[in-house]
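Here the structure comes first, spelled out in structure tokens, and everything after it is commentary.
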Amino acid sequence: MAGLDIRYVGGPTSVLGIGGVQLLVDPTFDAPGDYPIGSRVLTKTTGPAVAREAIGPVDAVLLSHDQHPDNLDTSGRALLAEVPLVLSTRSAEERVGGTVRALPNWERVDLPRPDGGVLTVTGVPAQHGPDGSDDVVGEVTGFVLSGEGLPTVYVSGDNASLDVVRAVADRLGPFDVALLFAGAAMTPLVPDAPLTLTSQDAAEAARILGARDVVPVHFEHWAHFTQDGDALEVAFAAAGLADRLHRLKPGGTITL
């Protein structure tokens, strides 16, 4: 089986190399600072560890959603115009336009591989907060990557629901690798519940998915995360899954 290369840029942003196809997840390359959104402000504490220019050509962007600056910032929006295909939500297709294409839940698109095969990208559900918060937080999506001779990879997007994880696992699992957005994000928009997976839920998600390898992203570099990488390591160790967790340093790369 071919491997999966993951390069961690920072925040949610990562570069995935699979089957000769280069994918960029949730592009964010702006500098640290305050980023207003509605009546609130999201504060970025650390800039990207990899410059946009150092990433090279991108075959497609996997964009979990466009409405929050910690998942798509000004630099990221400019980058979308340079990419031949952006897979995201229907809302993003309507708001951003250009090469953004909606990939509804359970629908799939095949991307050509240099070896003549295809990399299949399937849209999967994501719930950016507790039950009933969709109208407040907005539409979000996740992705599953698969193909002949390739690992099966789950990219959660900003999902906080283990019920969603179970639905994805039941339909498309088990998984070789899971890229989990974690950090237990909290903002005044939904003040009483996390908007992304807690550390404990991330460990449980790994178990549900059957993932042998887990790479967490989007748990640092923004002030609204309430649980950091150390909390993830503690939770995975408590669940007996410490060997599955791969906590990358910003700018670091791993092949799985």
Q.
Can you tell me how many residues within the range 40-49 are farther than 19 Å from Pro250 by Cβ and in contact (Cβ under 8 Å) with a residue 24 or more places away in the chain?
A. 1
Q. Out of the residues in the range 110-130 that are among the charged types (D, E, K, R) and assigned to a loop (DSSP other than H, G, I, E, B), which is modelled with the highest pLDDT?
A. Arg113
Q: Tell me which residues, restricted to the range 8-18, are within 20 Å of Tyr154 (Cβ to Cβ) and either touching a Pro at 6+ places or on another chain (Cβ under 8 Å) or assigned to a strand (DSSP E or B) (or both).
A: Tyr8, Val9, Gly11, Thr13, Ser14, Val15, Leu16, Gly17, Ile18
Q: Consider only pairs whose beta carbons are under 7 Å apart and that are at least six residues apart or on different chains; among these, list those whose first residue lies in the range 50-64 and is over 15 Å from Pro84 (Cα atoms) and whose second residue is of a type in the set (S, T, N, Q).
A: Arg52/Ser75; Ser64/Asn71; Ser64/Thr141
Q) Can you tell me how many residues in the range 188-211 are among the small types (Gly, Ala, Ser), surrounded by fewer than 21 Cβ atoms within 10 Å (Cβ to Cβ) and modelled with pLDDT of 95 or more? A) 1
Q: Return the residue satisfying two criteria in turn: it lies in the range 78-105 and is part of a helix (DSSP H, G or I) and out of contact with any helix residue (DSSP H, G or I) (no Cβ under 7 Å at 6 or more places or on another chain), and of such residues it is surrounded by the most Cβ atoms within 10 Å (Cβ to Cβ).
A: Ala92
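Each row is one residue, and each column tells you yes or no for (1) assigned to a loop (DSSP other than H, G, I, E, B); (2) out of contact with any Phe, Trp or Tyr (no Cβ under 8 Å at 6 or more places or on another chain).
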| site | (1), (2) |
| --- | --- |
| Ile6 | no, yes |
| Asp30 | yes, yes |
| Tyr35 | no, yes |
| Thr43 | no, no |
Q: Go through the range 204-237 residue by residue and tally those that are touching a strand residue (DSSP E or B) at 6+ places or on another chain (Cβ under 8 Å) and farther than 26 Å from Val136 by Cα.
A: 11
**Q.** Among residues of the range 134-187, those that are more than 20 Å from Pro104 (Cβ to Cβ), modelled with pLDDT under 95 and out of contact with any His (no Cβ under 7 Å at 6 or more places or on another chain), counted
**A.** 1
Q: May I ask you to list pairs of residues, at least six apart or on different chains, whose Cβ atoms are under 9 Å apart, with the first in the range 97-109 being modelled with pLDDT of 95 or more and the second being exposed (fewer than 14 other Cβ atoms within 10 Å of the Cβ) and not in a loop (DSSP other than H, G, I, E, B)?
A: Val100/Glu94; Ala102/Glu94; Trp106/Arg171
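The values are calculated or read from the model by the stated rules, or taken from the named source; none is laboratory data. All values reported here derive from a predicted model rather than from experimental measurement. Neighbour counts are summed over all protein chains in view; Cβ atoms, including those assigned to glycine, are modelled from backbone coordinates with ideal geometry.
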